[in-house]
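Novice: Once you've had a glance at the structure underneath, I'll fire off some questions.
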Amino acid sequence: MKFLILNGVNLNRTGLREKGVYGTQTLDEINAEIKAYCEAKGDSADFFQSNFEGELCTKLQEAGDLGYDGVILNAGAFTHYSYAIRDAIASMDVPVVEVHMSNVHKREEFRHTSVISEVCQGTILGFGKNSYLLAVESFRL
Ligand code: DQA
């Protein structure tokens, strides 16, 4: 299978910000582990991170034409309010799995709302970097 792993706003600061919440590994290090995990199972993974909502929408729009079987999306704080990303996901044929490293339900109230969950295949949260690997596994079931 061919996966696209999308990370949204501030995820480029992973390993540098709020280490108690998101850990000490950088996004590049986490992505390298996801890539190795996928390749060990004969799958491929491409990666994209942006702090710009519209760039993420464009990537989502292109996912079908580029032949991805699944998109794994950690939209960061966009999760909680981006109707643009929600609409982009709703317009797609490729399934999208929503991911969060932290358990957002144990955190501030504003993080308890996701405007994208309803249009995603499912949501995996609270397992740190392993949330991404569990999302990959969800496509095999
Ligand atoms: C996050 C949770 C969001 O609430 C937050 O804004 C992030 C990261 C997570 O992976 O736990 O940037 O999506």
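The values are calculated or read from the model by the stated rules, or taken from the named source; none is laboratory data. This is a predicted model, so every value here is computed, not measured. Ideal geometry is used to build each Cβ from the backbone, glycine not excepted, and the neighbour counts take in all protein chains shown. Just the protein is used for accessible areas: all its heavy atoms, side chains included, with ligands, DNA and RNA removed. Shrake-Rupley method; radii C 1.70, N 1.55, O 1.52, S 1.80 Å.
Novice: For Val115, indicate whether it is over 24 Å from Met1 (Cα atoms) and within 15 Å of the ligand (Cβ to nearest atom).
Specialist: Answer is yes for this residue.
Novice: Here's a follow-up. Among the residues of region 15-45, write down those that are open to solvent by less than 60 Å² (accessible area, probe 1.4 Å), touching a residue at least 24 places away in the same chain (Cβ under 8 Å) and under 20 Å from Val97 (Cα atoms).
Specialist: Result: Tyr22, Ile30, Asn31, Ile34, Cys38, Asp43, Ser44, Ala45.
Novice: Keeping to region 113-124, report how many residues are of a type outside the set (S, T, N, Q) and touching a helix residue (DSSP H, G or I) at 6+ places or on another chain (Cβ under 6 Å).
Specialist: 4
Novice: Next question. For region 108-117: of the residues being within 12 Å of Thr79 (Cβ to Cβ) and without any contact (Cβ under 8 Å) to a residue 40 or more places away in the chain, which is farthest from the chain's Cα centre (by Cα)?
Specialist: For region 108-117, the residue satisfying everything is Phe110.
Novice: If only one of Leu141, Leu133, Leu125 is aliphatic (A, V, I, L, M) and touching a residue at least 40 places away in the same chain (Cβ under 8 Å), which one is it?
Specialist: Leu133 is the lone residue from the list that is aliphatic (A, V, I, L, M) and touching a residue at least 40 places away in the same chain (Cβ under 8 Å).
Novice: For Asp87, indicate whether it is away from the ligand (no atom under 11 Å from the Cβ) and within 23 Å of Met1 (Cβ to Cβ).
Specialist: In short, no.
Novice: Kindly indicate whether Ala36 is more than 16 Å from the chain's Cα centre (by Cα) and among the small types (Gly, Ala, Ser).
Specialist: Criteria met by Ala36.
Novice: Test Gly54 against the stated conditions and say whether it is open to solvent by less than 60 Å² (accessible area, probe 1.4 Å) and within 23 Å of Ser138 (Cβ to Cβ).
Specialist: For Gly54, the condition - open to solvent by less than 60 Å² (accessible area, probe 1.4 Å) and within 23 Å of Ser138 (Cβ to Cβ) - is not met.
Novice: When you look at Leu134, is it away from the ligand (no atom under 16 Å from the Cβ), open to solvent by 50 Å² or more (accessible area, probe 1.4 Å) and out of contact with any Ser or Thr (no Cβ under 7 Å at 6 or more places or on another chain), yes or no?
Specialist: Taking the combined requirement at face value, the residue does not satisfy it.
Novice: Restricting to region 90-112, what's the tally of residues that are among the basic types (Lys, Arg) and either more than 11 Å from the ligand (Cβ to nearest atom) or within 19 Å of Val9 (Cα to Cα) (or both)?
Specialist: The total comes to 2.
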